Structures are given as structure tokens and as C-alpha cells.
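The block underneath contains the structure these notes are about, expressed in C-alpha cells.
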Amino acid sequence: MEIEDHDILNAFLFVLQNMSNGWPKEVLSDIQSLTEEKIEKVLNEFLKDFKEGSLESKGWPVYVSAYSVSKVALSVYTRILAKKYPTICINAISPGYIKTDIKGITGTLTPYEGAEPIVRLALLPN
């Protein structure tokens with residue numbers, strides 16, 4: 001399964017629309033020039049700002065900030081690896097907002113509905 005630009009864009013949308021203008025948004029928005037080093041720099045800056053309690057003033061999303069930023073980093077890193085190793089099938093998938101005890105049964109999808117795309121991806125032919 002090849003990762004398409006629109007798939008990566010979907011992962012960015014939540015974070016980018018909840019991020020004010022600034023350096024992190026600028027770096028993460030430039031999908032074509034992202035590198036492992038740039039991702040690491042963004043994550044280190046996020047961690048520094050998190051420890052300092054300055055997420056909001058630095059333009060990071062405030063609501064589920066660590067989850068949001070880590071999801072974007074994983075999505076981007078997956079794309080970088082897929083380009084770097086074209087003969088290996090490299091994927092990342094999010095099942096969505098699942099009704100589980102972890103979420104207080106507030107999700108929008110049943111566990112079966114959340115598992116379906118993961119199983120489908122795992123069973124793709126070579």
C-alpha cells in the first residue's frame with residue numbers, strides 16, 4: 001500500500017488547524033522537504049516547550065498536545081521511511097476514535113470497526 005499525500009495530510013489537519021502560526025506549523029506543513037532531522041528538531045522543541053509550560057504561547061496545540069504532535073511525527077516518519085526504502089512495505093494506520101474502556105466508551109467506532117482497517121492492511125498481498 002503506497003502512502004498518498006492526502007493520507008499524510010489527514011494526519012496533519014488536526015494538529016495544523018489547532019496550531020497558531022509559527023515555526024512548528026511552518027516546518028510540519030512543508031511535507032516535501034521533511035527529514036528525520038527536522039522531525040527530531042520539532043519534537044525536541046515541543047518537549048522543551050512542554051516542560052516549560054509554554055505550549056500555547058509557542059503555537060502548539062493545547063488540547064491533547066502530546067498525542068497530536070506524536071501522531072503527526074509518526075505519520076511523517078512513516079512517509080520518510082517509505083520513500084527511503086521503496087522495496088519494503090511501510091505503513092502507519094490509525095483506527096480512529098474507538099469505543100473502549102480507555103476512552104470511557106465515548107468513541108464513535110466499535111472495536112470491530114476500528115480493527116477492520118488494521119486487519120485489512122495487515123493482510124494486503126505483497
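The values are calculated or read from the model by the stated rules, or taken from the named source; none is laboratory data. What you are looking at is a predicted structure, and each value in this text was computed from that prediction instead of being measured. A quick note on method: Cβ atoms are made from the backbone with ideal geometry, for glycine too, and the neighbour counts reach across all protein chains shown.
Contact annotation: residue pairs with Cβ atoms under 6 Å, 6 or more positions apart or on different chains, pairing a residue in segment 45-66 that is in the same structural domain as Leu28 (by TED's automatic domain parsing) with a partner that is among the polar types (S, T, N, Q) and at pLDDT 80 or above, are Leu55/Ser65.
Within segment 102-120, which residues are assigned to a helix (DSSP H, G or I) and at pLDDT 85 or above?
Initially, segment 102-120 is screened for residues assigned to a helix (DSSP H, G or I), giving 102-103, 111-120.
Matches in segment 102-120: Pro111, Tyr112, Glu113, Gly114, Ala115, Glu116, Pro117, Ile118, Val119, Arg120.
Kindly indicate whether any position in segment 4-22 is at pLDDT 75 or above, in a helix (DSSP H, G or I) and in contact with a Ser or Thr (Cβ under 8 Å, 6 or more places away or on another chain). There is no residue in segment 4-22 that is at pLDDT 75 or above, in a helix (DSSP H, G or I) and in contact with a Ser or Thr (Cβ under 8 Å, 6 or more places away or on another chain). Please determine whether any residue of segment 76-97 is loosely packed, with under 12 Cβ neighbours inside 10 Å, assigned to a loop (DSSP other than H, G, I, E, B), touching a residue at least 24 places away in the same chain (Cβ under 8 Å) and out of contact with any Pro (no Cβ under 7 Å at 6 or more places or on another chain). No, the conditions are met nowhere in segment 76-97.
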